[in-house]
Amino acid sequence: MPRVRRGGAFRLFVVDHVGLVPFLLFILFPIYFMVVTAFKTDRELYDLQAIPFWIRDGVSLGHFHHLFFKTNFWRWLFNSLVVSFVTMTVSVAISIFAAYSLARLRFPGARSFGIGVFITYLVPPTLLFLPLTQIVNWLGLIDSLWALVLTYPTFLIPFCTWLLLGYFKVVPREIEECALVDGCGRLGVLFRIVLPIAVPGIVCAMLFAFTLAWNEFLYALTFTSASVTKTVTVGVAAEMIRGDVFHWGGIMAGAVTGALPVVVMYVFFLDYYVVGLTAGSVKG
Amino acid sequence: MDGRRDAEDLQGDAIALATAGRARARAAGRSRGFRSARRLEAITGVALILPALFWISLLVAYPFAMALYYSVSNTVVGGGSGTFVGLANFTALLDDGSFRQTLQNSVVFTVSAVAAKAVLGVMLALILHRTLRLKRLIRGLVLLPFVIPTALSTLGWLWMFDSLYSVITWTVNRVVLGPIGFAPLEVNWLGSPALAMAAVIVVNIWRGLPFFAVTVLAGLTAIPTEFYEAAEVDGAGRWGRFWHVTYPLLKPILAVVVLFSTIFTFADFNIVYVLTRGGPQESTHLFATLSHALAFGSMQLGRGAAVSLFMFPVLVVVVALQLHYLQRDETRHA
């Protein structure tokens, strides 16, 4: 935004950035506090005289030791990894075909399908979880990771299709038509022309599908009850909080470690996340 | 809309004709008819969308129909299909104190959280738009609450709202009240209805702010700088530029984001489940958490489904508005 520049460089820097401070404090403090808590000893954690903002008695790995060796944490992490990876792959593959069909091919009802996908995308899982419980029950999949593999695509496919639709629409038609004329079939065009051009879109869809599956809570909470079939969100948020005694250090260690895989992915692919987040509500 | 579709069809036909013409010219021996090419395209189109359609009809459309049925039956969890009870579940709910409380909670929660996210989101986006140093780093940090699993980050907030060891209470007592000689406060953040509601709203704002800020920021970047220059020439100050340039141009994008957020705030489950389980005295129950509690706490599946279906009218209104914006957007870009 161009403005009439007055005053020194330092003053301008302060004016432009000082507004950020309360926002960054609000956004980052809870995260920082979780990390700090996870590394404190119990003695310091429950000492009301201690200043809570930093670690006084030295870094302790006790809570992580408990988490890694006394709970099913690795199993939960593994379950999350398997479910997120499988549902991501299946959903992105299905969405590529659906999005290409909606973006390029003309057939009766194409427009209604497009609107249908958009509406499905807006249906919150909280509206469907009760009947889905019954379906999962009929299929005999309660307490099985298959229940999650089956249900996660219900929100991943609409999202990925919608996201990819925007990418496919901007691939120039002329390139495709030349390939068609040269005897390439529709699938050939999709794989040899459209997909290579739309690689950023596919990476974006994969990242989002993985993150959404990893973060899912309601279905995993409802469809699994045995400790060994829990995902990391349910394992930490439901199983580690039981009874009246809260082991805060252990809970924070679980929450921090459980969030780490998606945070690491996010650090490496930041720009894709920004694009995917905006594409969700703004087309293209 | 129809006029536009005709135009698109015509344009499509023209391209198809041109393509077919070129095809004839280039491969004279191969006389693939226009009609059969079009039929092949339609078959391919349907075939490619079939897997998605299959998955969505089986696990979205069908369960939705089931939810409709459950809401008019007395089905219990694991107990067959129950019998038809008409609107009994709905009338029973409307007479039920805890449901009416939930209805009120949902309105308070959604309206305050979405309004706060919109105002703070626009403010943050304006600041980020001006931020020159460390742009990428700051933007990355701002998005963190969106990336971290909500169920896990809410545990952090649960710890911050602890009745005994709350860091918020500690800071207020030690940094503000202590030095001016006041007695320390004892606050049970999640123990009183008003404070608990405020707490779930704050956590929802924390979780949703990145989405607002980043989307609005994308809208800000799209505003041509000439508009600001023109406004400045006309003597507009900071506020004038915001009200007469930024705000009107941002309105469409803001409307879409607000609608979007309304659905997902209204249907929220994770934050309330982890933070309060709907308590104290059902003062923070939302439709989703109440329906979960009814179905799995007291095994009344029909009642639970009826509760979650009360979200449906809100969903319909928002979807209708979204489609309206979407189509207007499409026509504008056509």
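Give the range A:69-91 a look and list any residue that's closer than 25 Å to residue B:51 by Cβ and β-branched (Val, Ile, Thr), or say none.
Of everything in the range A:69-91, those that are closer than 25 Å to residue B:51 by Cβ and β-branched (Val, Ile, Thr) turn out to be A:82, A:83, A:86, A:87, A:89, A:90.
For the range B:189-199, indicate whether the set of residues that are within 8 Å of another protein chain (Cβ to nearest Cβ) and either buried (at least 22 other Cβ atoms within 10 Å of the Cβ) or in a helix (DSSP H, G or I) (or both) is non-empty.
The answer is no, given that none of the residues of the range B:189-199 is within 8 Å of another protein chain (Cβ to nearest Cβ) and either buried (at least 22 other Cβ atoms within 10 Å of the Cβ) or in a helix (DSSP H, G or I) (or both).
Between A:258, A:235, A:254, A:201, which is within 30 Å of residue B:327 (Cβ to Cβ) and either part of a helix (DSSP H, G or I) or of a type in the set (A, V, I, L, M, F, W, C) (or both)?
Residue meeting the stated conditions: A:201.
For the range B:127-179, name all the residues that are open to solvent by 40 Å² or more (accessible area, probe 1.4 Å), aliphatic (A, V, I, L, M) and assigned to a helix (DSSP H, G or I).
B:137, B:141, B:168, B:172, B:175, B:176
If we scan the range B:234-255, do we find a residue that is in a loop (DSSP other than H, G, I, E, B) and touching a residue at least 60 places away in the same chain (Cβ under 8 Å)?
no
For the range A:29-110, which helices (runs of 4 or more DSSP H) that fit wholly inside it have 1 or more residues that are among the polar types (S, T, N, Q) and open to solvent by less than 20 Å² (accessible area, probe 1.4 Å)?
Because the criterion is at least 1 residues that are among the polar types (S, T, N, Q) and open to solvent by less than 20 Å² (accessible area, probe 1.4 Å), the helices (runs of 4 or more DSSP H) in the range A:29-110 that meet it are A:73-104.
Any residue that is of a type outside the set (S, T, N, Q), in contact with a Gly (Cβ under 8 Å, 6 or more places away or on another chain) and surrounded by fewer than 19 Cβ atoms within 10 Å (Cβ to Cβ) - is there at least one of those in the range B:266-282?
Yes, the range B:266-282 contains a residue that is of a type outside the set (S, T, N, Q), in contact with a Gly (Cβ under 8 Å, 6 or more places away or on another chain) and surrounded by fewer than 19 Cβ atoms within 10 Å (Cβ to Cβ).
To keep it simple, each residue is scored yes or no on (1) at the interface with chain B (Cβ under 7 Å from one of its Cβ atoms); (2) open to solvent by less than 20 Å² (accessible area, probe 1.4 Å).
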| site | (1), (2) |
| --- | --- |
| A:127 | yes, yes |
| A:156 | no, yes |
| A:161 | yes, yes |
| A:164 | no, yes |
| A:171 | no, yes |
| A:175 | no, no |
| A:179 | no, yes |
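Please work out if residue A:79 is within 23 Å of the chain's Cα centre (by Cα), polar (S, T, N, Q) and farther than 24 Å from residue A:245 by Cα.
yes
Is it fair to say residue B:291 is surrounded by 22 or more Cβ atoms within 10 Å (Cβ to Cβ), facing another protein chain (nearest Cβ under 9 Å), modelled with pLDDT under 90 and within 13 Å of residue A:126 (Cα to Cα)?
It is false that residue B:291 is surrounded by 22 or more Cβ atoms within 10 Å (Cβ to Cβ), facing another protein chain (nearest Cβ under 9 Å), modelled with pLDDT under 90 and within 13 Å of residue A:126 (Cα to Cα).
Take the conditions within 10 Å of chain A (Cβ to nearest Cβ) and buried (at least 23 other Cβ atoms within 10 Å of the Cβ) and apply them to residue B:307. Does it pass?
Spelling it out, residue B:307 is indeed within 10 Å of chain A (Cβ to nearest Cβ) and buried (at least 23 other Cβ atoms within 10 Å of the Cβ).
A quick yes/no check of all residues on (1) out of contact with any strand residue (DSSP E or B) (no Cβ under 6 Å at 6 or more places or on another chain); (2) under 24 Å from residue B:155 (Cα atoms); (3) without any contact (Cβ under 8 Å) to a residue 24 or more places away in the chain:
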position	(1), (2), (3)
A:190	yes, no, no
A:225	yes, yes, no
A:239	yes, yes, no
A:256	yes, yes, no
A:267	yes, yes, yes
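Taking residue A:14, is it part of a helix (DSSP H, G or I), more than 11 Å from every other protein chain (Cβ to nearest Cβ) and not hydroxyl-bearing (Ser, Thr, Tyr)?
Against the criterion (part of a helix (DSSP H, G or I), more than 11 Å from every other protein chain (Cβ to nearest Cβ) and not hydroxyl-bearing (Ser, Thr, Tyr)), residue A:14 qualifies.
Any chance the range A:243-251 includes a residue that's part of a helix (DSSP H, G or I), farther than 22 Å from residue A:131 by Cα, at pLDDT below 90 and open to solvent by 20 Å² or more (accessible area, probe 1.4 Å)?
Among the residues of the range A:243-251, not one is part of a helix (DSSP H, G or I), farther than 22 Å from residue A:131 by Cα, at pLDDT below 90 and open to solvent by 20 Å² or more (accessible area, probe 1.4 Å), which makes the answer no.
If I ask for residues that are in contact with a Pro (Cβ under 9 Å, 6 or more places away or on another chain) and at positive phi, which ones from the range A:105-146 would you list?
none
Would you mention how many residues in the range A:214-234 are touching a Phe, Trp or Tyr at 6+ places or on another chain (Cβ under 7 Å), more than 7 Å from chain B (Cβ to nearest Cβ) and within 26 Å of residue B:301 (Cβ to Cβ)?
Residues that pass the stated criteria total 6.
Just one of B:52, B:65 is out of contact with any helix residue (DSSP H, G or I) (no Cβ under 7 Å at 6 or more places or on another chain) and among the small types (Gly, Ala, Ser); which is it?
So the residue among B:52, B:65 that is out of contact with any helix residue (DSSP H, G or I) (no Cβ under 7 Å at 6 or more places or on another chain) and among the small types (Gly, Ala, Ser) is B:65.
Report every pair of residues separated by at least 6 positions or lying on different chains whose Cβ atoms are under 8 Å apart, first residue within the range A:39-51 and more than 10 Å from chain B (Cβ to nearest Cβ), second in a loop (DSSP other than H, G, I, E, B) and hydroxyl-bearing (Ser, Thr, Tyr).
A:39/A:60; A:40/A:60; A:41/A:60
So residue B:57 fits all but one of (1) at pLDDT 80 or above; (2) more than 9 Å from chain A (Cβ to nearest Cβ); (3) over 21 Å from residue A:111 (Cα atoms); what number is the exception?
Among (1) at pLDDT 80 or above; (2) more than 9 Å from chain A (Cβ to nearest Cβ); (3) over 21 Å from residue A:111 (Cα atoms), the lone unmet condition for residue B:57 is (3).
Quick check on residue B:110: is it part of a helix (DSSP H, G or I), at pLDDT 90 or above, crowded, with 18+ Cβ neighbours inside 10 Å and away from every other protein chain (no Cβ under 12 Å)?
Yes: the conditions hold for residue B:110.
The values are calculated or read from the model by the stated rules, or taken from the named source; none is laboratory data. Since the model is a prediction, treat every value here as computed from it, not as a measurement. Please note: Cβ atoms are built from the backbone with ideal geometry, for glycine as well, and neighbour counts cover all protein chains shown. To get the accessible areas, we keep the full protein, side chains included, count just its heavy atoms, and leave off ligands, DNA and RNA. Shrake-Rupley method; radii C 1.70, N 1.55, O 1.52, S 1.80 Å.
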